[in-house]
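The values are calculated or read from the model by the stated rules, or taken from the named source; none is laboratory data. A quick note: this is a predicted structure, and the numbers were derived from the prediction, not measured. Cβ: placed from backbone, ideal geometry, glycine included. Neighbour counts: every protein chain shown. Only protein heavy atoms, including side chains, enter the accessible area calculation; ligands, DNA and RNA are left aside. Shrake-Rupley method; radii C 1.70, N 1.55, O 1.52, S 1.80 Å.
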Amino acid sequence: MLPVHPHRDSTIILLCYRHGLRVAEVASLRWEQIDWNGGTIYVRRVKKGTSSVQPLSGLEIRALRQLQRDYPASPYIFQSSRLSPLAHDTIAGIVERAGKLAGLPFPIHAHMLRHGTGYYLANRGIDTRTIQSYLGHKNIQHTVRYTELASTKFQGLWDD
């Protein structure tokens, strides 16, 4: 079954991945957290995480502007038909359905997008402290898992 709200759903997935958002964080996103002039999003972390202001790409800004045109009546970026935030189960289902539609041979859950962010940044050679700050981890031990498997960590050790 194809999604009823394909643009909304793809924007949820995009923001979850690009900003390492948990389901609760994306569900509670409000328009007031977007700084259109600065091109940033204020990410309010849950689980006692450290909140931060993060840049938005042009792709994200265009997607958010389209959502604002499509769903203008609520303070929440991702809203239900009752103009309240989308339920966590709804967001989780959107991500699970996307995995099935993509033909992935294993079940997908929304938190995999957050992990994907950490692994992507680590494999790009981003330092552990920056990843920690970006994902809002209070404890560096939660971030180290991403850098332990990074393929780039041993590159450049030898000059021959």
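Among the residues making up region 19-43, those that are in contact with a strand residue (DSSP E or B) (Cβ under 9 Å, 6 or more places away or on another chain) and open to solvent by 40 Å² or more (accessible area, probe 1.4 Å) are Ser28, Arg30, Glu32, Asp35, Gly38, Tyr42. The residues of region 1-48 that are under 14 Å from His111 (Cβ atoms) and either aliphatic (A, V, I, L, M) or modelled with pLDDT under 95 (or both), listed by number, are Ile12, Ile13, Leu21, Val23, Ala24, Val26, Ala27, Val46, Lys47. Does Ala98 satisfy the condition of being surrounded by 12 or more Cβ atoms within 10 Å (Cβ to Cβ), of a type in the set (A, V, I, L, M, F, W, C), out of contact with any strand residue (DSSP E or B) (no Cβ under 9 Å at 6 or more places or on another chain) and closer than 21 Å to Val43 by Cα? No: the conditions fail for Ala98. Looking across region 25-73, the residues that are closer than 21 Å to Val4 by Cβ and touching a helix residue (DSSP H, G or I) at 6+ places or on another chain (Cβ under 9 Å) come down to Val26, Ala27, Leu29, Ala63, Leu64, Gln66, Leu67, Gln68, Asp70, Tyr71.
Tell me, please, whether a residue that is among the basic types (Lys, Arg) and either on the phi > 0 side of the Ramachandran plot or at pLDDT 95 or above (or both) can be found in region 63-78. Among the residues of region 63-78, at least one is among the basic types (Lys, Arg) and either on the phi > 0 side of the Ramachandran plot or at pLDDT 95 or above (or both), which makes the answer yes.
Can you name the residue in region 44-56 that is free of Cβ contacts under 8 Å to residues at least 60 places away in the same chain and not β-branched (Val, Ile, Thr) and is also most open to solvent (accessible area, probe 1.4 Å) among such residues? Ranking the candidates gives Lys47 first.
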